[in-house]
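Visitor: Dumping the structure here so I can ask a few things about it.
The values are calculated or read from the model by the stated rules, or taken from the named source; none is laboratory data. The shown structure was predicted, so the numbers you read here are calculated from the model rather than taken from an experiment. Using ideal geometry, Cβ is built from the backbone for each residue, glycine included, and neighbour counts are taken over all protein chains shown. Heads up: the accessible areas ignore ligands, DNA and RNA and are worked out on the full protein's heavy atoms, side chains in. Shrake-Rupley method; radii C 1.70, N 1.55, O 1.52, S 1.80 Å.
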Amino acid sequence: VTTAGVTSAADTLAAACREAGGESKMIFLKSGHPNCSWCRAFDRYHELPEVRAIIGKYFVVANIDTVNMSDGSEIFGKYAKPGAPSWVIISPEKEVVIDSYGETGNVGYPLAPHETAHYIGAIRKAAPGISEDELADLSEQIQIAAGEK
């Protein structure tokens, strides 16, 4: 979901729910803000062609800007604790499947091995049809987008 012309988190979420519902996908909802370096890394990750090809089959990705959208924290906070970044996977009916908070707290951008494991587990849970090869590709792209490979 692009945020061009969208000024509120409520509108962003509503557009994502419509798109996801029409395509039988889940919503990968991210919170963050433009001055957050890890948020920008997560944006780079989601913009990689390899990631878009995989994630786009199963999810609609929507960004909630908790600084520039006046309702950003409030809307995201209905589903998970806002962070910079944090994320939650929800259904088009706005039911929470899983969020970025694991045993050690918010994994945010899932770079560390335990964070990547939580993220991959979340993707697997929300998209049971995803292949192990696709999950392995996503794990590698996390490193690439962060400049680690």
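Visitor: Going residue by residue through region 87-96, is there one that turns out to be crowded, with 20+ Cβ neighbours inside 10 Å, under 15 Å from the mean Cα position of the chain (by Cα), at pLDDT below 95 and within 16 Å of D43 (Cα to Cα)? Write out each step before concluding.
Guide: Keep residues of region 87-96 that are crowded, with 20+ Cβ neighbours inside 10 Å, which gives 87-90.
Filter once more, keeping what is under 15 Å from the mean Cα position of the chain (by Cα): 87-90.
Now restrict to residues that are at pLDDT below 95: none.
The answer is no, given that none of the residues of region 87-96 is crowded, with 20+ Cβ neighbours inside 10 Å, under 15 Å from the mean Cα position of the chain (by Cα), at pLDDT below 95 and within 16 Å of D43 (Cα to Cα).
Visitor: Sticking with this one: Can you spot a residue in region 67-90 that is closer than 22 Å to G22 by Cα and without any contact (Cβ under 8 Å) to a residue 40 or more places away in the chain?
Guide: no
Visitor: Which one of these is open to solvent by less than 40 Å² (accessible area, probe 1.4 Å), in contact with a Gly (Cβ under 8 Å, 6 or more places away or on another chain) and modelled with pLDDT under 95: G83, G102? Talk me through it step by step, then tell me what you get.
Guide: On the way: G102 fails: in contact with a Gly (Cβ under 8 Å, 6 or more places away or on another chain).
None of the others qualify; the one that does is G83.
Visitor: Suppose the filter is outside any loop (DSSP other than H, G, I, E, B), at pLDDT 95 or above and either over 23 Å from T12 (Cβ atoms) or among the acidic types (D, E) (or both); does A122 pass it? Break it down stepwise before answering.
Guide: Working: outside any loop (DSSP other than H, G, I, E, B): yes; at pLDDT 95 or above: yes; either over 23 Å from T12 (Cβ atoms) or among the acidic types (D, E) (or both): no.
Judged against the criteria, A122 is not a match.
Visitor: Please enumerate the residues belonging to region 50-78 that are surrounded by fewer than 22 Cβ atoms within 10 Å (Cβ to Cβ) and assigned to a loop (DSSP other than H, G, I, E, B).
Guide: V67, N68, S70, D71, K78
Visitor: Say whether the condition of being outside any strand (DSSP E or B) and on the phi > 0 side of the Ramachandran plot is met by at least one residue in region 23-33.
Guide: Going residue by residue through region 23-33, those that are outside any strand (DSSP E or B) are 23-25, 33.
Right, trim to on the phi > 0 side of the Ramachandran plot and you get 24.
Yes, some residue in region 23-33 is outside any strand (DSSP E or B) and on the phi > 0 side of the Ramachandran plot.
Visitor: Can you find, within region 125-146, the residue that is nearest to M26 (Cα to Cα) among those that are free of Cβ contacts under 8 Å to residues at least 40 places away in the same chain and not in a helix (DSSP H, G or I)?
Guide: Our first condition is that a residue be free of Cβ contacts under 8 Å to residues at least 40 places away in the same chain; within region 125-146, this holds for 125, 128, 131-133, 135-136, 139-140, 143.
Of the ones still in play, those that are also not in a helix (DSSP H, G or I) are 128, 131.
Values: P128: 11, S131: 16 Å.
Selected residue: P128.
Visitor: On to the next question. Suppose the filter is touching a residue at least 24 places away in the same chain (Cβ under 8 Å), surrounded by fewer than 16 Cβ atoms within 10 Å (Cβ to Cβ) and of a type in the set (D, E); does E47 pass it?
Guide: Working: touching a residue at least 24 places away in the same chain (Cβ under 8 Å): no; surrounded by fewer than 16 Cβ atoms within 10 Å (Cβ to Cβ): yes; of a type in the set (D, E): yes.
No, not satisfied.
Visitor: With respect to the numbered conditions (1) of a type outside the set (S, T, N, Q); (2) surrounded by fewer than 16 Cβ atoms within 10 Å (Cβ to Cβ); (3) in a helix (DSSP H, G or I), which one is the sole condition not fulfilled by C17?
Guide: All conditions pass for C17, except number (2).
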